[in-house]
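K.L.:
Got a structure here, written out as structure tokens. Questions coming.
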Amino acid sequence: SFQRHIIGLLVVVGVLSVAIVLPVNFSGNLLENNAYSFGRTTIANLDANNMLLWLHTTFAFLYLLLTVYSMRRHTSKMHYREDDLVGGMNTHTHTHTHTHTHTHTHTPPRSCVSVNRKKTERSMKFFKDLQSKEHIPTMINPKPCGHLCCCIIKGCEQEEAVSYYTKLESKLKEEYRKEKEKVNSKPLGMAFVTFQNEAMTAIILKDYNACNCQGCHCQREPRSSSFSQHLHTYSWTVGYAPDPQNVYWEHLSVGGFPWWLRCFIINCILFLLLFFLTTPAIIISTMDKFNVTKPVEYLNNPIVTQFFPTLLLWAFSALLPTIVYYSAFFEAHWTRSGENRTTMHKCYTFLIFMVLLLPSLGLSSLDVFFRWLFDKCVFLPDNGAFFVNYVIASAFIGNAMDLLRIPGLLMYMTRLCLARSAAERRNVKRHQAYEFQFGAAYAWMMCVFTVVMTYSITCPIIVPFGLMYMLLKHLADRYNMYYAYLPSKLDKKIHSGAVNQVVAAPILCLFWLLFFSTLRTGFSAPTSMFTFIVLIITIIVCLSHVCFGHFKYLSAHNYKVKHTSYYFISQLQGKKHTSYL
């Protein structure tokens, strides 16, 4: 539904841009009088005093309204639904007694120990069945990549398969027992509580979230019981819990100050790394020092020489966000939704700087960008051909790579090579699929959409190619989600974040027009002032809605929430962390 609404939006924007804005740009005569010149299709072909420039600002504001309407229509058809968390509980017992019981019987983190134990059991069963069928014991090399080793050397001796997996299972069971004993000694400070009906859920949620204000002092006063003083219920926070498949159980033990310190260190390293390597341009310039691209220039083929920089941009823009993606993975988020949401926002911000902002300004890194802020502004509004080539490359090469799923293939080959036996290789083949990465997919798609919308006025010919990209992206994602990936249990926050990024695209278009108008006619020109006022009003409305909840009817969000099951995470004494809806 999200992609279909964007496709519909691009159809309308494409018709307006190609049928109205493009002929207006053609009517100018500033650039060379050549019908085949790409510059004649851009806004740079119009004279600074041309009254038709008012049309561009009006259409940019119209595109913003169309975008908000499209996303509001999309979200109004979305019925977000809370899913089941844990099994039912005896409702005849007092609520705080439930919580007390859950507090002392925390759900243990489902660590890799139990997962490996299940895999070991399946492997042992495989070789037992094979031995009972062929009446011959099977010998294996238990080292990683052991089945690829054809020679027997010291330290890589073969072992009998059933005996090896029996000893391994006993070892893992002992580790699991030790981990289970740590649960009561190191509580996580949270409880998963299930309620049977809606009325009880509403009472509990209202009880723990309502504030009683007396003068300048506000505090929560939940209902008390005989356990309240002992459990310190005044420090609890209550909220809807995520789906069990959405939770990283092994990460629940990482919280509070250690989690924030870990997150801060990872993002500092990421910032220092990408501060000087923000765009592929700086990598390409380093390659030029070693004459890597010289053979391409010697070909004297215009098709190759024009698209080769675009292909390099696409290749490195695919490589650099991988670093951003794994930074979110190592942050140890509690839920997959939180990890995907962080990945989406970080990758989107990085891609916008790398693909759109810095190349448009003729810069190569954030280091140069900050130096440029205090130097002479050299804005390049007429380099739309580069971005048209980028959108075309993303449409054909990017979507083709999504269908090929080469990273997944490499991971599958690596797991097959590291398997110790035929049983483990069978387990790898049965569990080769993984969940669809909404965070990275949203970031890539929104980056291309933002590029298209940003240049839809200054270079309107980019819109049909953006529509082509979105159509191919829709078909590729639909195939992958149906046949290649496992279903994902994510909350609505990541989808809401994608809607916000869609709305940010026409706002960037207004920024582009403001920069262009200021450079061509000055800030005091009527078109510049009108664009500036529209942009300021738009930003004020957006900030008022995000920070204070005003202008709800102008919001792009109109979700209808339907609660079918009501489950809570209660943050208990000594633990402070974000609660999840």
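Readers should treat all values here as calculations from the given coordinates under stated rules, not as data from a laboratory. Just so it is clear, the structure is predicted and the values come from calculations on it, not from any experiment. Cβ: placed from backbone, ideal geometry, glycine included. Neighbour counts: every protein chain shown.
K.L.:
Once amide H atoms are built 1.01 Å from N in the peptide plane, which residues 5 or more positions from Phe195, or in another chain, come under 5 Å H to H?
P.N.:
Here Tyr566 satisfy the definition.
K.L.:
Give me a comma-separated list of calculated 3J(HN,Hα) values for the stretch 52-66, in order, Karplus coefficients 6.51, -1.76, 1.60 applied at θ = phi - 60°, integers in Hz, x for any Gly or Pro.
P.N.:
Values per residue, Gly and Pro as x: 5, 5, 4, 5, 5, 5, 4, 5, 4, 5, 5, 5, 5, 5, 5 Hz.
K.L.:
Another question, if that's okay. Gain in length, Lys182 to Ala400, computed as 0.36 nm per residue apart minus the alpha-carbon separation, to one decimal in nm? Provide the component values of the computation, followed by the final result.
P.N.:
Details: separation 218, 0.36 × 218 = 78.48 nm, distance 4.83 nm.
Length gained, Lys182 through Ala400: 73.7 nm.
K.L.:
Which shape class applies to the stretch 433-548: rounded if a/c is under 1.5, otherwise prolate when a/b exceeds b/c and oblate if not, where a ≥ b ≥ c are the square roots of the Cα gyration tensor eigenvalues? Write down the numbers at each step before the final one.
P.N.:
On the way: a/c = 4.56, a/b = 1.81, b/c = 2.52.
It is oblate, given that a/c is not under 1.5 and a/b is not larger than b/c.
K.L.:
Using each residue's phi in the stretch 481-493, evaluate 6.51 cos²θ - 1.76 cosθ + 1.60 at θ = phi - 60° and report the 3J(HN,Hα) Karplus result to the nearest Hz, with x for Gly and Pro.
P.N.:
Per residue, the Karplus-derived 3J(HN,Hα) values read 5, 7, 10, 10, 10, 7, x, 10, 9, 10, 7, 7, 5 Hz.
K.L.:
With a 10 Å Cβ neighbour count serving as the proxy for reagent exposure, in which order, fewest first, do Val391, Val12, Val503 appear? Working shown, then result.
P.N.:
Working: Val391 24, Val12 15, Val503 19.
Least crowded to most crowded, the residues run Val12, Val503, Val391.
K.L.:
Based on the Cβ-Cβ distance of Tyr482 and Val12, what FRET efficiency does E = 1/(1 + (r/R0)^6) give at R0 = 30 Å, to the nearest 0.05? Before the final figure, lay out each step's value.
P.N.:
Details: r = 28 Å, r/R0 = 0.93.
Working from the Cβ atoms, E equals 0.60.
K.L.:
Using 0.36 nm times the number of residues separating Ser132 and Leu205, minus their current alpha carbon distance, what extension gain do you get? Provide the component values of the computation, followed by the final result.
P.N.:
Working: separation 73, 0.36 × 73 = 26.28 nm, distance 5.76 nm.
Residue separation times 0.36 nm, minus the Cα-Cα distance, leaves 20.5 nm.
K.L.:
Related question: Which net charge results for the neighbourhood of Val254, defined as the other residues with beta-carbon distances under 11 angstrom from its beta-carbon, given Lys and Arg at +1 and Asp and Glu at -1?
P.N.:
Details: positive: Arg262; negative: Glu250, Glu331.
For residues surrounding Val254, the net value is -1.
K.L.:
Moving on. Please give the net charge around Asp129, taking every other residue with its beta carbon less than 13 angstrom from that of Asp129, where Lys and Arg add +1 and Asp and Glu add -1.
P.N.:
+3
K.L.:
Another question, if that's okay. Suppose R0 equals 22 Å. What FRET efficiency, 1/(1 + (r/R0)^6) with r the Cβ-Cβ distance, do Met413 and Tyr434 give to the nearest 0.05? Could the numbers behind the result be given before it?
P.N.:
Details: r = 15 Å, r/R0 = 0.66.
E(calc), rounded to 0.05, equals 0.90.
K.L.:
How would you rank 440-452, 467-479, 344-356, highest first, on the average number of other Cβ atoms within 10 Å across their residues?
P.N.:
Working: 440-452: 24.0, 467-479: 18.0, 344-356: 21.8.
Highest mean packing first, the order is 440-452, 344-356, 467-479.
K.L.:
For the pair Leu475 and Arg73, what calculated FRET efficiency results from E = 1/(1 + (r/R0)^6), where r is the Cβ-Cβ distance and R0 = 22 Å, to the nearest 0.05?
P.N.:
Values: r = 22 Å, r/R0 = 1.01.
About 0.50, to the nearest 0.05.
K.L.:
So, counting K/R as plus one and D/E as minus one, what does the shell of residues with Cβ under 15 Å around Ile269 add up to? Mind dumping the intermediate values first?
P.N.:
Working: positive: Arg262, Lys346; negative: Glu331.
Local charge sum for Ile269: +1.
K.L.:
Could I ask something else about it? So how much slack lies between Ser163 and His232, counting 0.36 nm per residue of separation and subtracting their Cα-Cα distance, in nm? Don't skip to the end; give the middle numbers.
P.N.:
On the way: separation 69, 0.36 × 69 = 24.84 nm, distance 5.15 nm.
Separation in residues times 0.36 nm, less the Cα-Cα distance, equals 19.7 nm.
K.L.:
For Glu435, what residues show an amide H to amide H distance below 5 Å, using hydrogens built from the backbone and excluding near sequence neighbours?
P.N.:
Leu486
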